[in-house]
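Enquirer: Below is the structure I would like to discuss, written out as structure tokens.
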Amino acid sequence: MITIRRDEDDEILGYLAPTGDEWLPLTVFHVALADPASQDDAEEIVRRDGLASLSDPWWVEDEQGEWVEARLQEAQPHRIRVRWADPMIDQPAHGVWIDTRERRVRR
């Protein structure tokens, strides 16, 4: 795994994970930003989209296999705190923590 950092302030932008002959560009919470690509292309994706993707809508798979739209409130390695986009879903005001190793998450 390669950590990609911003040159100006050393902020972590995301990661590159090896997948055979290619590299998977990952967010700071270890979820794929795009399909595997060459190392240079994957690094470009992380530099371009890594932090910007934090403001994007994300989808979390629930226990029934349905995808639920969410907005990120906080991101840490392997976990995110989200608020569900649907205002009719019962949820705590502070959001819900999701372990990205236990639940599937996608852009």
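Enquirer: Kindly provide the set of residues from segment 42-61 that are more than 13 Å from the chain's Cα centre (by Cα) and assigned by TED's automatic domain parsing to the domain that holds HIS94, ordered by number.
Expert: The one that is more than 13 Å from the chain's Cα centre (by Cα) and assigned by TED's automatic domain parsing to the domain that holds HIS94: GLU61.
Enquirer: How about segment 48-61: which of its residues are in contact with a strand residue (DSSP E or B) (Cβ under 6 Å, 6 or more places away or on another chain) and in a helix (DSSP H, G or I)?
Expert: Scanning segment 48-61 gives a single hit, LEU54.
Enquirer: Sticking with this one: Does segment 58-78 contain any residue that is at positive phi and either of a type in the set (Lys, Arg) or without any contact (Cβ under 8 Å) to a residue 12 or more places away in the chain (or both)?
Expert: Yes; the residues of segment 58-78 include at least one that is at positive phi and either of a type in the set (Lys, Arg) or without any contact (Cβ under 8 Å) to a residue 12 or more places away in the chain (or both).
Enquirer: Looking only at segment 25-42, count every residue that is surrounded by 20 or more Cβ atoms within 10 Å (Cβ to Cβ) and farther than 16 Å from GLN76 by Cα and tell me the total.
Expert: The number of residues fulfilling the criteria is 2.
Enquirer: Still on this structure, I have one more. Output the number of residues of segment 1-35 satisfying the condition of being out of contact with any Pro (no Cβ under 8 Å at 6 or more places or on another chain), part of a loop (DSSP other than H, G, I, E, B) and not basic (Lys, Arg).
Expert: Count: 9.
Enquirer: Answer yes or no as to whether GLN64 is assigned to a loop (DSSP other than H, G, I, E, B), assigned by TED's automatic domain parsing to the domain that holds GLN91 and either modelled with pLDDT of 95 or more or surrounded by fewer than 18 Cβ atoms within 10 Å (Cβ to Cβ) (or both).
Expert: Spelling it out, GLN64 is indeed assigned to a loop (DSSP other than H, G, I, E, B), assigned by TED's automatic domain parsing to the domain that holds GLN91 and either modelled with pLDDT of 95 or more or surrounded by fewer than 18 Cβ atoms within 10 Å (Cβ to Cβ) (or both).
The values are calculated or read from the model by the stated rules, or taken from the named source; none is laboratory data. Remember, predicted model here, so these are calculated numbers, not experimental data. Cβ sites come from the backbone with ideal geometry, for glycine too, and all protein chains shown count toward neighbours.
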